[in-house]
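To start, the structure itself, in structure tokens.
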Amino acid sequence: MIQFILNKTEINTALPPGMLVLDFIRYHQQLTGTKIGCREGDCGACTVLVGEIKNDVLIYTSATSCLMAIGNAQGKHIVTIEGINGDCLNTVQQAFSDEGATQCGFCTPGFIVSLTGFCMSSKIPSYDNAVDAVNGNICRCTGYKSIERAAKKINEKMMLRQSEEALQFAVTNNIIPAYFLKIKERLLKITLPVVGQKENADKFLGGGTDLYVQQPESMVEKKIDFLFDKSELKGIIQRGNVCEMGGATTATDILESKIFTQHFPLLQKHIKLISSTQIRNMATIAGNFSNASPIGDFTIFFLALNAQLILSDGENKRAIALRKFYKSYKTLDKKPEEFIEKIYFELPGENDFFNFEKVSKRTNLDIASVNTALAIRIEDNIIITAGIAAGGVGPIPAYLSDSSNFLTGKKISAQLINELTQIAQTEIAPITDARGTAEYKRFLLTQLIKAHFIVLFPALPLQNLVKA
């Protein structure tokens, strides 16, 4: 049995745990306010809120229900648009009405739910944070300006919160119904059964953001070992100059980690290039690695950092470098019964520089045409070590070993970078596909490698590289 709370109602179901939350709430609970759009996590029309207790605090995040298995809802509070309705329009709904922020209305429930999540967050209110809360919601009608005005109005209300507890303020100010104040107590009474049996499982599942795009029908009936909520696969810690994180660490966990924000000053910029808020809340790093996409953003990010993996089959463990993990297209140095338990890497120090770049058809929230990362250490103006990774330029996520080795022992100059881009071209084999021609991808890699140095070393006379 799977147990969770859906809006006000406690759910106990023996339906397949691989069933999607979207299908459960629409077809089994007749809650049709949550819309079916892309079924790939892109449009945000199916957005729900997921409440779970972390460190004795009830925290709500947004998620795309079209990619979330009900097995991952175990012990949580799932909130649809119906769950935030009251006897009259709430504060978020009223702002949309006042600003004319809806036309056909299909996308509106997703926007309302996402902005309600912003109001329930402990983040410091700001207009930028309000708008960012709906970065995974697409509207085809309004042109977004009316939605931005509504977000501004909602944020003005949130600015009054000051030190008041987030949920209490949201209830007091007609943002959510009063029943939310009893949810933590109710969740604590739910006994957590095991929804995935390791010995019988034929599929591992993290956040589901890749698998449910690729295998939406077959996943429903799979015997799944659910990894997303396993405590031993969570957490980000620092031991000396090494960072360790569990395989179920999400993109949001990284974004909110003090360890990462301290050692990666450009992290906010980098994360903006990687999916939407809803997907970041769900997508795990181990899942990104194991999906083996040639353009996996975090795969490229951590390839440059020479990340190491700990693989486990539940009993035995072994270490392998991420750079050795990919053998051929979608083929890993991993046994079917193994999963990624831990990732660790050396944190950048004061002489280290790191940058991530990406080009896609949309500026943000899109699959890369080409992405690349550079990690470099410099002492006395000489490059001591370097790591360059690139995606979209071959059948596997590529660590450019010749290019990385070429930089060692040299001083940065425009000539060095031009020579580097020529060497990089000998290490790649892009193909023409929906994201661009092979020639275009070669051009992108050259320009993005140049961008690494322009961004990291603005004082050097490198600006003319863009035209070269």
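The values are calculated or read from the model by the stated rules, or taken from the named source; none is laboratory data. Keep in mind the model is a prediction, meaning the values are calculated, not measured. Quick reminder, even Gly has a Cβ in these numbers, built from the backbone with ideal geometry, and neighbours come from all protein chains shown. For accessibility, only protein heavy atoms count, side chains too; no ligands or nucleic acids. Shrake-Rupley method; radii C 1.70, N 1.55, O 1.52, S 1.80 Å.
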Problem - Residue check for GLY143: in contact with a strand residue (DSSP E or B) (Cβ under 8 Å, 6 or more places away or on another chain), assigned to a loop (DSSP other than H, G, I, E, B) and within 23 Å of CYS38 (Cα to Cα) - result: no
Practice task
Search segment 221-245 for residues that are farther than 19 Å from GLY206 by Cβ and pair each with any residue that is open to solvent by 60 Å² or more (accessible area, probe 1.4 Å) when their beta-carbon atoms are under 7 Å apart and the residues are at least 6 apart or on different chains.
Solution key: ASN241/GLU346; VAL242/TYR344; VAL242/GLU346; CYS243/TYR344
Handout entry: Lone unmet requirement of (1) modelled with pLDDT of 95 or more; (2) in contact with a helix residue (DSSP H, G or I) (Cβ under 7 Å, 6 or more places away or on another chain) for PRO125
Key = (1)
Handout entry: Those residues of segment 395-422 which are open to solvent by 50 Å² or more (accessible area, probe 1.4 Å) and of a type in the set (Val, Ile, Thr), in sequence order
Key = THR408
Problem - Failed condition for GLU256, given (1) charged (D, E, K, R); (2) in contact with a strand residue (DSSP E or B) (Cβ under 9 Å, 6 or more places away or on another chain); (3) over 17 Å from ASP210 (Cβ atoms) - result: (2)
Practice task
Collect the residues in segment 86-119 that are at pLDDT below 95 and either under 30 Å from GLU185 (Cβ atoms) or charged (D, E, K, R) (or both), keeping them in residue-number order.
Solution key: GLY86, ASP87, CYS88
Exercise for the section: Output the residues belonging to segment 259-284 that are closer than 28 Å to GLU350 by Cα, part of a helix (DSSP H, G or I) and touching a strand residue (DSSP E or B) at 6+ places or on another chain (Cβ under 6 Å). Expected result: ILE259, HIS270
Practice task
Among the residues of segment 423-450, count how many are surrounded by fewer than 18 Cβ atoms within 10 Å (Cβ to Cβ), of a type in the set (Gly, Ala, Ser) and modelled with pLDDT of 95 or more.
Solution key: 2
Exercise for the section: Only residues that are of a type in the set (Gly, Ala, Ser), farther than 30 Å from SER290 by Cβ and modelled with pLDDT under 90: list them for segment 154-211, please. Expected result: SER163
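Here is a yes/no grid of residues against (1) under 24 Å from CYS139 (Cα atoms); (2) among the aromatic types (Phe, Trp, Tyr); (3) touching an Asp or Glu at 6+ places or on another chain (Cβ under 6 Å):
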position: GLY33; (1), (2), (3): yes, no, yes
position: GLU40; (1), (2), (3): yes, no, no
position: ASN55; (1), (2), (3): no, no, no
position: ALA63; (1), (2), (3): yes, no, no
position: CYS66; (1), (2), (3): yes, no, no
position: GLY83; (1), (2), (3): yes, no, no
Problem - Residue in segment 362-379 that is at pLDDT 95 or above, open to solvent by less than 40 Å² (accessible area, probe 1.4 Å) and of a type in the set (D, E, K, R) present - result: no
Practice task
Might you let me know whether segment 447-455 holds any residue that is among the hydrophobic types (A, V, I, L, M, F, W, C) and closer than 21 Å to ILE396 by Cβ?
Solution key: yes
Problem - Residue, nearest to the chain's Cα centre (by Cα), within segment 44-63, restricted to residues that are open to solvent by 30 Å² or more (accessible area, probe 1.4 Å) and farther than 12 Å from LEU188 by Cα - result: THR61
Practice task
From (1) touching a residue at least 60 places away in the same chain (Cβ under 8 Å); (2) surrounded by 17 or more Cβ atoms within 10 Å (Cβ to Cβ), pick out the condition that doesn't hold for GLU40.
Solution key: (2)
